[in-house]
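Encoded as structure tokens, the structure appears first; notes follow it.
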Amino acid sequence: MQSSSNNVKSAFLLIGLSLALGACGGKPDAKAEGAPQDGKPGAGQKAPDPVTVEAVPVSRRAIAASYSGTAPLEARGESQVVAKTSGVALAVSAEIGQRVHAGQVLVRLDSDRSRLQAAQSNAQVRKLEANYNRALELSKRQLVSANDVDQLKYDLENARAVNRLANLEVSYANVTAPISGVIAERSIKPGNFVQINTPIFRIVDISRLEATLNVPERELATLKAGQPVALTVDALPGQRFEGRVDRIAPVIDSGSGTFRVVCSFDAGELLQPGMFGRLRIDYDQRADALVVPRSALLDDENNPAVFVVRDGKAARVGIRAGYTEGEWIEIRGGLNAGDRVVTAGKVALRDGTPVQVLGDKPKAAAKPDAK
């Protein structure tokens with residue numbers, strides 16, 4: 001009885017083993033159906049979605065090499081008007097903002113004292129002239145010594161000098177403009193007593209304005225007098241003014257390593273001294289250069305590169321950059337006209353990433369083979 005029971009158990013074990021082997025189904029080393037082969041999507045597996053990007057073609061346009069900087073505008077000519085004599089201001093004939101010309105009388109001072117001194121010295125001159133002429137006649141008859149004649153001559157010359165000084169003092173009573181320009185400041189009113197050498201007006205010549213740039217010494221060979229300068233000012237947004245490089249300092253400042261470049265502009269009716277200006281000096285131009293937007297450039301200063309769209313994929317391409325002007329950068333090597341470079345969506349890209357360019361029709365997805 002016991003042996004027959006053991007035989008039944010063995011039979012059940014053999015049946016269970018055969019069922020387990022049958023459940024494994026086929027060859028033990030066979031690959032699962034639909035598994036990807038060599039990194040490619042297998043049958044029934046969806047390909048990765050392309051990254052949506054913006055792209056523009058490489059184009060041609062004129063581009064300029066330039067140096068940019070900032071500086072305040074200054075009047076080319078400026079003068080402080082001072083009184084050269086003392087006196088009461090009888091009349092003030094200039095106001096702030098008024099245009100004046102060189103030599104125009106701005107203030108008339110009381111000159112009574114200086115006029116009297118001039119008249120006194122003039123009388124002394126006439127007296128000495130008469131004495132000197134009389135002495136010359138007497139010296140011809142040897143009635144006056146040569147020493148007396150010489151003394152009268154020197155006294156006469158001294159009196160004439162005193163008279164000229166007195167007349168000059170009279171002329172100082174009329175305070176005149178030393179330069180042509182606009183009255184920027186006035187510190188006098190009629191009836192004020194004016195001390196000698198006291199500033200009473202400030203005149204600025206705004207017909208030409210200047211801006212001085214402190215330029216690094218590496219630009220010394222590229223900047224020359226006469227080069228065009230473009231100016232924009234914060235106070236007049238959207239407006240552009242043209243000027244020229246007027247003069248360049250011939251020496252480098254050893255402390256800062258810079259040299260001074262003075263640019264001049266016609267003031268017109270809009271530009272004013274003191275405005276903050278942004279300047280750009282163009283020192284070279286290329287009329288037909290290959291360019292791409294600066295936004296296409298990858299953040300790698302040592303190895304400049306861009307992503308180019310080729311066959312629906314992003315390809316990283318190294319470039320040789322040239323001049324930069326505004327939003328454009330010149331391409332001196334690595335790209336051809338018509339290549340499309342990615343300008344937006346670069347962060348998600350790697351070399352070979354599938355891309356979908358905005359505005360392009362999406363390609364139809366490949367259908368799996370029917371069995």
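Coordinate-derived values only; no laboratory data. This structure is a prediction, so every number in the text was calculated from the model and none was measured. When we count neighbours, we look across all protein chains shown, and the Cβ atoms used for this are built from the backbone with ideal geometry, even at glycine.
The table that follows gives values for the structure above.
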read-out	value
Taking the convex hull of Cα positions in segment 79-200, its mean projected area over all directions (nm²)	8.9 nm²
Contour minus Cα-Cα distance for Arg320 and Gln151 (0.36 nm per residue)	51.9 nm
Total charge dipole magnitude, segment 79-200, about the Cα centre, Cβ charges on Lys, Arg, Asp, Glu only, Debye to nearest 20	180 debye
Segment 79-200, relative contact order [Cα under 8 Å, separation at least 6], %	54 percent
Approximate spin-label separation Glu129-Ser295, in nm, with each point projected 7 Å along Cα-to-Cβ	8.7 nm
Theoretical FRET efficiency, 1/(1+(r/R0)^6), r = Cβ-Cβ of Thr232 and Thr176, R0 45 Å, to 0.05	0.75
Fully extended contour minus Cα-Cα distance, from Leu165 to Arg113, at 0.36 nm per residue	17.4 nm
